[in-house]
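Single-structure report; data block below.
Readers should treat all values here as calculations from the given coordinates under stated rules, not as data from a laboratory. Note that this is a predicted model, so its numbers are computed, not measured. So basically every Cβ, Gly included, is an ideal-geometry build from the backbone, and we count neighbours across all protein chains shown.
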Amino acid sequence: MDFRKSLCLFILLLQLLTFQPYPARSQQSLTHTNADSSITLSQTSITGRLISGRIVTIKYKTLSGNNPKKFKNWVGIWQSDQILYSDPPLRKKYITGTDKDGDLAFDSLEMQRKEYIIGYGVGDGNNTIAATLFIPTAAQPADMGIAFATLVEVIEHGNNFLIVKYQTPLGNRPAANQNWIGIWDGKSFSPDGVNLIKREPVASQVSGHVVAINDLKLTRNTWYTITYSLGAQYRDIVASYTFLNN
């Protein structure tokens, strides 16, 4: 074998070893594993698997205190790579369980060889969709969908300010949909707002951004909880971040 053939084979082998597939077009989930015991992240999330063109199985996890049946939680499906906020879903199914976590078979679908996205809503409107599950065109039976969950986290803080990062499903307009960030005293938030310190409206019209919250009086060595709400009510809270101000 001459030198040129050897070189070509070497280049081909190197390309195969270093090949990276293109990421899916849909929004990717931000999964955080934090070893710091002074920080706790909680998110409303869904995972799921394509069974056939008519069935997708779904597991959902929501925040403590949520009652899916009482608060009219639901799942809906769109033929798209992101939630179509101005359009009703092709199919919509309300959750009948009362536990905050559960599963269901989303059946009676008519999925073609196209891309679809499933949303989990915590209230009646499309604006309350907290988590999504993307089913790409190339998905085969038994394939897992690509999951995304609304996220809120503190990226910097002092005694008088917080810098908070949030990410919601693509297409969400926080200001138009009355999204807000809550600062709570302690390791949890209450459904009646008893320990709420401040409620900060999200003025941005983009689905993910960074917000500065000022005029706070945070105490050292004290626990605080930051929440993200997709609507005006406390039941619309879908993500939280608890930290020790040290």
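Side notes on the structure shown:
- D (Stokes-Einstein, µm²/s), Kirkwood Cα radius, the stretch 151-245, 1.306 mPa s at 10 °C: 120 µm²/s
- Computed over the chain with a Gaussian network model linking Cα atoms closer than 10 Å, the most mobile of 44, 168, 219 is 219.
- Computed helical MRE - 222 nm, the chain, DSSP H runs ≥ 4 contributing -39500 (n - 2.57), nearest 500: -2000 deg cm²/dmol
- Distance (nanometres) between label positions extended 7 Å along Cα→Cβ at residue 70 and residue 203: 3.6 nm
- Candidate lysines - alpha carbon under 21 Å from residue 70, same-chain residues fewer than 8 apart omitted: 59, 61, 92, 93, 100
- Applying Stokes-Einstein at 25 °C and 0.890 mPa s to the Kirkwood radius of the chain, computed over alpha-carbon pairs, gives a translational diffusion coefficient of 125 µm² s⁻¹.
- Against the chain, whose longest principal axis is taken from its Cα atoms, helix 3-18 shows a tilt of about 30°.
- As a ratio to 2.2 N^0.38 Å, the alpha-carbon radius of gyration computed for the stretch 28-127 takes the value 1.16.
- Couplings 3J(HN,Hα) of the stretch 148-165, computed from phi: 9, 9, 4, 10, 9, 7, 8, 9, 6, 7, x, 7, 10, 8, 9, 10, 10, 9 Hz, in residue order, whole Hz [Karplus 6.51 cos²θ - 1.76 cosθ + 1.60, θ = phi - 60°; x for Gly and Pro].
- Rel. contact order, % - alpha carbon contacts under 8 angstrom, at least six apart, the chain: 20 percent
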